[in-house]
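Engineer: My questions all concern the structure below.
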Amino acid sequence: MRTIPHAFQTFLESLELTPKQRKEANEQHVRLRTQLQQRMKLEDNFLSGSYARKTAIRPLNDIDVVVVLVPRPGFDPTIPIPTILGEIKRVLDEVHHGKSALSQNRSVNIAFSGTGIAYDVVPAFTSRPGVYLVPDRETGRWVKTNPKIHAQLATQANERAGGRLNPLIKAIKHANVHHRKLARSFHLEVLSWKILERDPGPYLDGLVTLLEGLARKIQDPCVDPANLGPDIRPEPAKCQAAQQWLARMAQLAAEAKELDAAKQTAAAHAKLREIFGPQWR
């Protein structure tokens, strides 16, 4: 039977994008962004979300692409968000014949069958240098933020933790998907940056520390990490459900650590399989 450290490393590798997937994604998002830049009046375009923060896991469903629009009369943050999204959809439909771009609450989604990757094109306007206005999915309003700062903070947090934070975030994100997405992914990431502030050593030790910290902090105030936008917590009922789930996951991880220390490897594997599902082998 494989040791827990060996199994953990194998499990984390299974969450990573393959070299082929990464190459296809990189080529495709560059092509998509170039097409948008050529057909729309844009100040800038850049990647956002988990792919930009290097916390995306397989399967790679959505990559966020932010397009910073040049405002003009009748096309600025004072008009309804669906109108802005409608223009992005029109351009995507024009460029990609035969594909159906789908307007969502804050973005336009377009999927490519060849790679199986979909892209969420998020509109933005510049409020002032370093500050962007993007649609808020829950309120339907434009809010201030800066996804570029989010990516920088994520990189710095991972470096402080000796490169082990991002793999552990991916592991917890996988568990969240396995357990019906009881927590908001970005919320978990932001909280994690201040929980694991040094190299935790073995991944199982880090998992226990991170899950216990998330269970403690999931209901606390959590402002936009760029210090520009509103609190990123979901509604209280969802936070409470997430806290209960995280507490249970933390308990299972702590039990797995104790069992592994007692050389009860099979029992430790069983606890971790409860957290991560059948992908833990």
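Please treat every number below as a calculation from the coordinates, not as lab data. Everything numeric in this text was worked out from a predicted model, so none of it was measured. As a convention, Cβ positions derive from the backbone with ideal geometry for all residues, glycine included, and neighbour counts pool all protein chains shown.
Engineer: Across 5 Å bins from the origin, how do the percents of Cα pairs in region 199-281 run, short distances first?
Structural biologist: In whole percents, the pair-distance histogram is 3, 15, 19, 20, 16, 12, 8, 5, 2, 1.
Engineer: On a 0 to 90 degree scale, rounded to 10, what angle separates helix 203-217 from the longest Cα axis of the chain?
Structural biologist: Result, in degrees: 60.
Engineer: Mind pulling the angle between the C-alpha long axis of helix 147-160 and the longest principal axis of the chain? Nearest 10 degrees, somewhere in 0 to 90.
Structural biologist: Approximately 20 degrees, to the nearest 10.
Engineer: Any chance you could count the Lys pairs in region 19-145 whose alpha carbons are under 20 Å apart, treating pairs 8 or more apart or on different chains as valid?
Structural biologist: So the count of such lysine pairs works out to 4.
Engineer: Taking the Cβ of each residue in MET249, MET1 as the centre, tally the other Cβ atoms inside 10 Å and list the residues starting with the fewest.
Structural biologist: Ascending Cβ contact count within 10 Å gives the list MET1, MET249.
Engineer: Continuing with this model, one more query. Could you tell me how many degrees, from 0 to 90 and to the nearest 10, lie between the Cα long axis of helix 236-261 and the main elongation axis, the longest principal axis, of the Cα atoms of the chain?
Structural biologist: That helix lies at roughly 40 degrees to the long axis.
Engineer: So which trypsin sites (Lys or Arg not before Pro) in region 41-124 pass both tests, a DSSP loop state and at most 16 other Cβ atoms within 10 Å of the Cβ?
Structural biologist: Answer by residue number: LYS41, LYS54, LYS99.
Engineer: Using only Cα atoms, what Kirkwood radius does the chain have, in angstroms?
Structural biologist: Evaluated over the chain, this radius sits at 20.1 Å.
Engineer: Which values of log₁₀ I(q)/I(0), to two decimal places, follow from the Debye formula for region 1-135 at q = 0.09, 0.11, 0.17, 0.21 Å⁻¹ with a uniform point scatterer at every Cα?
Structural biologist: Computed log10 I(q)/I(0) values: -0.32, -0.45, -0.91, -1.28.
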